[in-house]
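Colleague: Before I ask anything, here is the structure I am working with.
Bear in mind these aren't lab numbers, they're just calculated from the coordinates by the rules spelled out. This is a predicted model, so every value here is computed, not measured. All Cβ positions, even for glycine, are placed from backbone atoms using ideal geometry, and neighbour counts span all protein chains on display.
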Amino acid sequence: HNGITRPKGYRVSWHANPAVEPHHFGQSHPMKPWRLTLTKQLVMAYGMHYAMDLYLTRAATFEEMAEFHKEDYLEFLRQVVPADMEAPEQSDRIASYNIGDDCPIFDGLYNYCSLYAGGTIDAARKLVNNQSEIAINWSGGLHHAKKAEASGFCYVNDIVLGILQLLRHHPRVMYIDIDVHHGDGVEQAFWSTDRVLTVSFHKYDKDNFFPGTGALDSTGPAHPLNPGAHHAINVPLNDGIEDADYLQLFKEVVGSCVETYRPGAIVLQCGADSLGCDRLGCFNLNVTGHGSCVEYVKTFGIPLLVVGGGGYTPRNVSRAWAHETSILIDAADKIDPNIPETVAFRNHFGPDYSLFPPLSEMRRIENKNSKAYLASVVAAVKEQLRYMKG
Ligand code: TV7
Ligand code: CA
Ligand code: ZN
């Protein structure tokens, strides 16, 4: 292996279960759990696994998932099978839980959900027990799931479950979401508490981009009796944002939030659909730009739970998450940008075989975010933080 050695003075734990990877959402569905296989192959080819504690995660129990989800919804997920999609007597329930093209019923659905949720819960517990300073679950990050409803490829909200674990020990937890979609499920779950500050960066177009929520002025119900008022921060963006602007915006927003809110733990959702060339996304971020956000969050030295999320061009998802793993173990400078000859599925990374292909050159989307617009967003967030100080 290439010389990545321990210890670093802080522990990084990796939480995964290969049984998540073979699940199929269906033929043309953009969500491909197989991207986790590709990520793991890169991480191992670079020897990064030598620098982390590796945990085979267990499935979350029904009771653990019921800390957020309604039991009748979990019971439905546990017993439903693909053939029920054609059963007329099931059609009302299926519709009420928002099962459909985005969130289909596939073989092993409950197993899939409980495994990725178990990973995030285990990761959170390692942080809480001081057995890890940075805990990673790339199979988690499914931020759209609601209490009794699937949404946007998400069925069980592992992030909410992880934050609930962290709240047992930390008075305040901050959630940061760099997926191109709005982190609506997490925001809504903690809508009426001041113990969680949610911050989502996303493409916002009310009528034409999923899920249509996350406007700048959507900051939590502004009622005098709601402690959660002002504790949702939304950074709505337009198409085509580039590395330098995104990173500057990210640092200004996240830096001010950490300074004001002083969280005891941070959860970072690293959805990779904010990369350029993503099948569903519309930003122009490179692997390095996306990774710089992770690097910045790491500088606070606050216990950190890192999860995956979206990402629909698997070769780039795996590049980003492998690079971000190297950042989290402090080994980014030891990584050869040329993808090792030994990596499995190496053909997926051609013709460049680079960890850092210039994504924004390949399919650049016109940048519709003016400097003035970005400055106005930063100003609005800083104004919102003044309310929070009380
Ligand atoms: C976290 N966009 C999840 C992001 C969830 C996005 C959507 C699709 C899509 C679904 C498919 C499919 C697709 C090419 C893309 C309004 C609709 C339009 C379903 C076809 N191809 C995350 C969810 C978003 C399903 N949904 O944040 C099967 O795109 O826009 C919508 C809703 C109604 C339903 N139809 C799409 O990244 C993990 N879905 C092909 C086959
Ligand atoms: Ca987001
Ligand atoms: Zn997304």
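Colleague: Mind listing just one residue for me: the one in the stretch 46-76 that is touching a residue at least 60 places away in the same chain (Cβ under 8 Å) and either farther than 24 Å from Val156 by Cα or in contact with a His (Cβ under 7 Å, 6 or more places away or on another chain) (or both) and, of those, surrounded by the most Cβ atoms within 10 Å (Cβ to Cβ)?
Modeller: Tyr46
Colleague: Check Asn208 against each of (1) away from ligand 3 (no atom under 16 Å from the Cβ); (2) surrounded by fewer than 18 Cβ atoms within 10 Å (Cβ to Cβ); (3) on the phi < 0 side of the Ramachandran plot and name the one condition it does not meet.
Modeller: With respect to (1) away from ligand 3 (no atom under 16 Å from the Cβ); (2) surrounded by fewer than 18 Cβ atoms within 10 Å (Cβ to Cβ); (3) on the phi < 0 side of the Ramachandran plot, Asn208 is out only on (1).
Colleague: If you take the residues in the stretch 212-250 that are surrounded by fewer than 16 Cβ atoms within 10 Å (Cβ to Cβ) and of a type outside the set (A, V, I, L, M, F, W, C), which one is farthest from Met388 (Cα to Cα)?
Modeller: Checking each candidate, the answer is Gly212.
Colleague: Of the residues that make up the stretch 80-96, is at least one polar (S, T, N, Q), in contact with a strand residue (DSSP E or B) (Cβ under 9 Å, 6 or more places away or on another chain) and crowded, with 17+ Cβ neighbours inside 10 Å?
Modeller: no
Colleague: Which is more than 16 Å from ligand 1 (Cβ to nearest atom), out of contact with any strand residue (DSSP E or B) (no Cβ under 9 Å at 6 or more places or on another chain) and closer than 29 Å to Gly162 by Cβ, of His323, His348?
Modeller: His323
Colleague: Next up: If you take the residues in the stretch 282-291 that are away from ligand 1 (no atom under 12 Å from the Cβ) and in a loop (DSSP other than H, G, I, E, B), which one is nearest to Pro357 (Cα to Cα)?
Modeller: Only one residue fits best here, namely Asn286.
Colleague: Residues that are small (Gly, Ala, Ser) and more than 21 Å from Leu164 (Cβ to Cβ): which helices (runs of 4 or more DSSP H) entirely in the stretch 28-110 hold 1 or more of them?
Modeller: Output list reads 35-45, 91-96.
Colleague: Then there's this: Tell me, which strands (runs of 3 or more DSSP E) lie completely within the stretch 120-204 with 3 or more residues that are free of Cβ contacts under 8 Å to residues at least 60 places away in the same chain?
Modeller: The strands (runs of 3 or more DSSP E) meeting that bar are 196-203.
Residue-by-condition table, conditions (1) over 29 Å from Leu328 (Cα atoms); (2) away from ligand 2 (no atom under 16 Å from the Cβ); (3) among the acidic types (Asp, Glu); (4) touching a Phe, Trp or Tyr at 6+ places or on another chain (Cβ under 7 Å):
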residue	(1), (2), (3), (4)
Gly141	no, no, no, no
Leu161	no, yes, no, yes
Thr213	yes, no, no, no
Thr219	yes, no, no, no
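Colleague: Given the conditions (1) within 16 Å of ligand 1 (Cβ to nearest atom); (2) out of contact with any helix residue (DSSP H, G or I) (no Cβ under 7 Å at 6 or more places or on another chain); (3) in a helix (DSSP H, G or I), report the number of the one that Arg279 does not fulfil.
Modeller: Unmet for Arg279, out of (1) within 16 Å of ligand 1 (Cβ to nearest atom); (2) out of contact with any helix residue (DSSP H, G or I) (no Cβ under 7 Å at 6 or more places or on another chain); (3) in a helix (DSSP H, G or I): (3).
Colleague: Still on this structure: Name the residues in the stretch 127-139 that are surrounded by 22 or more Cβ atoms within 10 Å (Cβ to Cβ) and farther than 10 Å from Val307 by Cβ, would you?
Modeller: Leu127, Ser132, Ile134
Colleague: Now, a different point. Among the residues of the stretch 212-239, which ones are under 24 Å from Glu366 (Cβ atoms) and within 16 Å of ligand 1 (Cβ to nearest atom)?
Modeller: Answer for the stretch 212-239, where residues must be under 24 Å from Glu366 (Cβ atoms) and within 16 Å of ligand 1 (Cβ to nearest atom): Gly212, Gly214, Asn234, Val235, Pro236, Leu237, Asp239.
Colleague: Anything in the stretch 168-200 that is among the polar types (S, T, N, Q) and either more than 16 Å from ligand 3 (Cβ to nearest atom) or farther than 20 Å from Leu247 by Cβ (or both)? List them, or say none.
Modeller: Of everything in the stretch 168-200, those that are among the polar types (S, T, N, Q) and either more than 16 Å from ligand 3 (Cβ to nearest atom) or farther than 20 Å from Leu247 by Cβ (or both) turn out to be Gln188, Ser192, Thr193, Thr198.
Colleague: On to the next question. Just name the residue that is farthest from the chain's Cα centre (by Cα) out of those in the stretch 264-276 that are more than 11 Å from Leu305 (Cα to Cα) and assigned to a loop (DSSP other than H, G, I, E, B).
Modeller: This residue is Gly264.
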